[in-house]
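Inspection log for the structure reproduced underneath, given as structure tokens.
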Amino acid sequence: MKFNAVTGKDLQTLPKTLEFAEMEARLSAQWAKEKLYEFDENSPKEVFAIDTPPPTVSGSLHVGHIFSYTQTDIQARYQRMKGKNVFYPMGWDDNGLPTERRVQNYFHIRCEATAPYEPELNLPPILSVMSDKELQEKKIPQKNLSRKNFIEHCHKLTVEDEKVFKQIMTRMGWSVDWRMEYATIDDHSRKIAQLSFLDLHQKQELYQVEAPTLWDTDFQTAVAQAELEDREIPGAFHDIRFEVEGGGSFVIATTRPELLAACVGITAHPDDVRYQKWIGKYAVSPIFGVRVPIFASELVNPEKGTGILMVCTFGDQTDVLWWREQKLPLRQIVGRDGRMQAIVFDATGSFPSIQPDAANQAYAALQGKTIKQAQKIMVEQLLAAAVLVNPPKPISHAVKFYEKGDRPVEILTTRQWFVRLLDKKEKLIEYGKKIKWHPEFMEARYRNWTENLGIDWCISRQRFFGVSIPVWYRIDAQGRIQHDQPIVAGKELLPVDPMSDVPPGYVESQRGKPNGFIGESDVFDTWFTSSLTPQLASHWELNPARHKKLFPMTMRPQAHEIIRTWAFYTIAKSYLHEVSIPWKNIAISGWVLDPDRKKMSKSKGNVVTPAQFIEEQGADAVRYWTGLARYGVDTAFDPNIMKIGRRLVTKIFNASKFVLQNSAAAGEITEPLDLAFLAKLKHLAVQADRHFEQFESAQALQETEKFFWSHFTDSYLELVKGRTWTAPGAGLTSEQEKAKSSAVFATRFALKEFLKLFAPFVPYTTDEVWRWAFQEEAVSVHSTAFPTAADFEGIPDGNPEAFDVAMAVQAAINQQKTLAKVSIARPIVKLKIKAHPESLKWFELVQKDVFAATKTEKADCNANESLERLQVEVSDVEYGPDAVKG
RNA sequence: UGGCUCGUAGCUCAGCUGGUUAGAGCGCUACCUUGACAUGGUAGAGGUCGCAGAUUCGAAUUCUGUCGAGCCAACCA
């Protein structure tokens with residue numbers, strides 16, 4: 001391979017130090033201008049489509065985002081360099097509870113369905129009006145906003161938040177195609193989500209039912225199984241005596257005495273001899289005097305409590321099971337707001353009592369109270385009635401909470417929409433197996449969750465800022481809502497808001513009237529929309545050609561704690577809609593742990609904001625830290641690693657300056673040492689490429705960095721200095737000129753390869769250097785091809801062993817100098833070298849460079865069979881005088 | 001209680017399908033301004049690979065058990 005003559009850069013024209021803040025701002029603007037990262041819809045190139053996670057827009061990006069998104073960006077940049085047509089969109093997950101909560105606090109407002117709409121209402125952030133302290137002292141209540149006003153303010157804040165997010169993302173150098181931006185609440189997403197609903201409705205995979213559902217009393221909405229988490233909280237067993245009809249009594253143990261009025265049955269294990277005699281009879285609840293059946297159930301643990309327990313509607317999920325199996329009556333006493341609702345005991349109604357007056361009197365004390373207050377009052381009543389046989393026994397037990405809630409979830413009977421999933425568990429597991437999981441073991445988590453799924457997917461939420469369920473209900477002449485015959489919006493109407501839009505054939509004035517209609521006020525579970533991210537980005541039914549090009553997507557990057565939600569629901573949706581997997585690969589990133597290896601979370605207060613570290617170390621340094629983490633492995637947050645990244649880019653910067661300052665006449669790479677080094681570099685390039693292909697980019701970085709540092713800067717560049725550096729005025733022989741050209745072209749060639757190898761990880765520094773010298777070849781390092789063996793075609797094969805031996809001898813001589821505590825620059829008059837004969841043979845090829853670099857004038861080389869291949873012994877060193885300074 | 005990960009130098013981690021004396025970086029120690037870089041360079045100390053068995057000529061690597069940490073789920077009357 002012939003190289004043209006190059007003129008060395010004047011070091012004075014290159015920056016003395018790396019000013020990363022300026023560089024990063026300049027280059028990211030440049031990239032946008034050059035449209036380096038745009039997806040080409042018409043290109044025949046192979047598509048690499050990324051199903052980017054839309055971050056929840058709720059304040060600030062945290063270091064976990066920086067971590068996992070950068071891993072994705074590294075992949076995207078690599079694939080682009082491999083010539084793929086990379087589709088890398090960004091979405092904003094801005095609907096749902098977290099946003100509502102943030103909006104409530106930010107403006108100090110709450111949504112009140114009955115509040116009148118105020119046109120042009122534009123509230124300022126509450127903290128710009130009064131301080132936190134003032135707000136608390138004056139106890140100013142939140143302003144009630146109509147649904148419409150509330151949603152307007154949600155939009156207003158999310159738009160602002162998204163700007164801030166985008167700024168950090170750009171600074172981090174994420175090569176997102178910003179033309180592909182969407183928000184889960186925008187018209188496009190609402191349309192797709194509602195189309196999804198229509199499709200599922202048409203396929204009869206949807207149903208609505210009035211049934212016990214998980215309910216959060218704070219947010220007053222239904223929640224899904226996937227959104228629950230266990231929390232260990234204190235509770236107490238209360239032993240309460242029940243009389244048996246026809247004589248006798250027993251004592252049940254319950255942690256929820258406040259539900260006594262909701263008692264619908266008693267159960268014990270069929271083999272439990274203590275209680276067998278009561279099975280089939282009726283018990284009478286104390287205080288309220290309600291007759292309830294006593295039945296046997298295998299599910300009862302005789303060891304627990306007293307071995308016999310009361311079934312209420314509903315204390316927990318097992319109660320639901322017994323209620324169904326035994327066809328027990330429904331006696332719901334907890335209201336949607338988490339307070340004891342009004343009920344009436346009488347002889348024959350749904351709360352039949354043998355002593356209605358006493359029951360009503362007792363219940364009057366509970367009505368309107370919260371669950372906690374009611375429990376206290378109930379215990380007092382039980383004590384007074386002498387049916388609480390023991391003092392409450394404190395225990396600590398796990399209770400289900402909505403993950404974002406502050407009080408345990410209740411089970412209430414409400415009308416909700418569900419997607420049928422339980423009948424598809426087998427298929428969903430099968431389709432999960434068709435996806436390649438990185439790392440593989442994460443598939444087990446998906447399978448585990450799917451196997452254990454207990455209830456269908458409840459998709460309706462009683463919230464405001466979300467995608468509307470596109471249905472209306474007829475109201476009959478008597479004013480009754482006909483839930484069983486919903487009017488589903490037609491495709492052409494989407495997106496619709498049934499709360500303001502009118503169904504076909506009706507007019508607005510009929511809303512809420514007999515013979516009229518009413519709009520569904522519920523919105524979708526946010527996962528209903530999020531599970532469509534591939535379809536949102538591909539435009540699915542709206543643009544089938546585009547969808548076909550992009551779907552199934554190539555990869556989904558995501559965190560492991562949302563395998564059961566986001567990954568699961570996305571797989572479910574793709575299966576339901578198109579009997580397809582949504583993506584070919586799913587890459588699970590680990591968590592960022594704090595330095596004490598605890599998970600970072602807002603509640604623990606150990607969250608680190610990334611902005612500070614980007615400012616201090618630069619985006620490339622932060623990217624380096626994330627680049628070292630493998631998929632699925634948790635990583636401790638460690639600013640020290642960023643410092644090492646910082647050191648690496650500084651080294652790249654300085655080594656580049658060194659290489660680029662050298663000039664040479666046209667020529668070829670001929671010297672054995674140069675060829676030997678390039679042979680090793682070729683091997684590295686092939687390895688790095690292989691690691692990338694296997695989703696092991698961390699490995700690629702690690703090997704590249706190691707090689708760059710030990711072989712390139714510490715060894716090779718030192719070894720060729722003698723040839724690249726020319727004393728001013730020194731006339732070179734043609735032989736020397738050739739040797740010089742060889743070194744200059746080899747180092748330049750190697751530098752280019754290194755820039756490309758590092759480009760996905762540290763895009764700024766590598767591109768900065770690229771633009772100093774190599775723009776004739778490509779406008780940016782990011783528009784070049786990733787190194788492969790093909791790059792080395794035309795360069796004669798070198799002997800990698802020769803390079804290894806050169807390094808070994810260099811190290812052995814250095815060691816002597818270190819032991820003698822002399823400067824590395826100290827000349828050596830003569831020394832003795834002993835090495836394996838084979839090694840000596842290789843050494844002959846490169847000894848000139850090694851002796852030049854170590855300033856060795858004369859060496860006596862001896863073969864020694866007993867030494868290992870790379871074992872080199874240096875002895876009898878005679879030093880010359882110190883180099884003359886100046 | 002079940003499933004899945006992890007346990008290697010003071011710290012953060014590599015060690016892929018078992019094979020010479022177990023690696024890197026940080027930190028530590030000593031030395032060196034060498035013309036790209038002191039945000040540098042050269043060298044050094046530091047590990048019975050959680051523990052106990054088994055398989056094997058050979059185990060950090062495979063298997064079994066065990067201890068510890070974390071996650072996911074079950075239980076949660």
task: Starting from the amide H of A:V47, placed 1.01 Å from N in the peptide plane, find each other amide H under 5 Å away whose residue is 5 or more places distant or on another chain.
output: A:N85
Which of A:M600, A:S656, A:V579, positive extreme of dipole for the range A:560-698 (C-beta unit charges): A:M600
message: Could you give the length gained by full extension between A:Q355 and A:A29, i.e. 0.36 nm per residue of separation minus their alpha carbon distance, to one decimal place?
response: 109.4 nm
task: For A:K643, list the aspartates and glutamates whose Cα falls under 14 Å from its own Cα; do not include residues on the same chain fewer than 8 positions away.
output: A:E615, A:E616, A:D620
task: Can you check what the net charge comes to around A:N452, using other residues whose Cβ is under 12 Å from the Cβ of A:N452 (Lys, Arg +1; Asp, Glu -1)?
output: +3
message: Among DSSP bridges having both ends in chain A, what percentage is antiparallel? Round to the nearest 5.
response: 65 percent
- prompt: Tally Lys and Arg at +1 and Asp and Glu at -1 over the other residues with C-beta under 11 Å from the C-beta of A:P89: what net charge comes out?
  reply: -2
query: Taking the range A:11-81, which GluC sites (Glu not before Pro) meet the DSSP loop condition and have no more than 14 other C-beta atoms within 10 Å?
result: A:E19, A:E41, A:E46
query: What FRET efficiency would be calculated for the residue pair A:Q694, A:E615, taking the C-beta separation as r and a Förster radius of 30 Å, to the nearest 0.05?
result: 0.30
task: Against the globular-protein guess of 2.2 N^0.38 Å, express the Cα radius of gyration of chain A as a ratio, rounded to two decimals.
output: 1.25
- request: Please report the relative contact order for the range A:648-744, taking Cα pairs under 8 Å with a sequence separation of at least 6, and give it as a percent rounded to a whole number.
  value: 48 percent
- line: Going residue by residue through the range A:301-306, the Karplus relation 6.51 cos²θ - 1.76 cosθ + 1.60 with θ = phi - 60° gives ³J(HN,Hα) values, rounded to whole Hz and with x marking Gly or Pro, of 9, x, 6, 8, x, 9
field: Under-5 Å amide H pairs with A:M553, H placed in peptide plane, nonlocal only
entry: A:W583, A:K584
statement: So A:E541 and A:E19, fully extended at 0.36 nm per residue minus their Cα-Cα distance, gain in nm 183.1 nm
- prompt: To the nearest 20 debye, what charge dipole does the range A:149-260 have about its Cα centre, counting +1 at the Cβ of each Lys and Arg and -1 at the Cβ of each Asp and Glu?
  reply: 480 debye
Over the range A:64-204, volume per residue of the alpha carbon convex hull, in Å³: 180 Å³
message: Student exercise: in the range A:3-160, how many lysine pairs 8 or more apart or on different chains have Cα atoms under 19 Å apart?
response: 8
task: Pairs to check: A:K706/A:K752; A:K738/A:K841; A:K191/A:K491. Give those whose C-alpha atoms are more than 19 Å from each other in this structure.
output: A:K738/A:K841
message: From Cα pairs below 8 angstrom and at least 6 apart in sequence, can you work out the relative contact order of chain A, rounded to a whole percent?
response: 14 percent
query: So which GluC sites (Glu not before Pro) in the range A:240-321 end up in coil per DSSP with only 11 or fewer other C-beta atoms within 10 Å?
result: A:E298, A:E303
query: In nm, what is the difference between 0.36 nm times the number of residues separating A:N640 and A:V579 and their Cα-Cα distance?
result: 17.2 nm
- prompt: Using the beta-carbon distance between A:E878 and A:E210 and R0 = 60 Å, what value does 1/(1 + (r/R0)^6) give for FRET efficiency, to the nearest 0.05?
  reply: 0.05
Structure-based [θ]222 nm, chain A - -39500 (n - 2.57) summed over DSSP H runs of at least 4, per residue, nearest 500: -12000 deg cm²/dmol
message: I'd like to know which of A:I126, A:P89, A:L428 lies farthest towards the positive end of the charge dipole of chain A, counting +1 on Cβ of Lys and Arg and -1 on Cβ of Asp and Glu.
response: A:I126
task: For the range A:651-791, give the magnitude of the charge dipole about the Cα centre (Cβ charges: +1 Lys/Arg, -1 Asp/Glu; no others), in debye to the nearest 20.
output: 280 debye
query: Residue farthest toward the positive end of the dipole of chain A, with Cβ of Lys/Arg at +1 and Asp/Glu at -1: which of A:G490, A:L840, A:P408?
result: A:P408
field: Qualifying trypsin sites (Lys or Arg not before Pro) for the range A:473-543 [loop in DSSP, other Cβ within 10 Å: at most 16]
entry: A:R480
task: First select every other residue whose beta carbon is under 11 angstrom from the beta carbon of A:F418; then total the charges, Lys and Arg +1, Asp and Glu -1.
output: -1
field: At R0 = 35 Å, FRET efficiency that the Cβ-Cβ distance of A:K425 and A:K376 yields, to 0.05
entry: 0.25
- prompt: Treating the beta-carbon of each Lys and Arg as +1 and of each Asp and Glu as -1, no other charges, what is the dipole magnitude of chain A about its Cα centre, to the nearest 20 debye?
  reply: 560 debye
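Rule-based calculations on the coordinates, nothing more; no lab input. On a predicted model such as this, the values are computed, not experimentally measured, just so you know. No Cβ is skipped: glycine too gets one built from the backbone with ideal geometry, and neighbour counts run over all protein chains shown.
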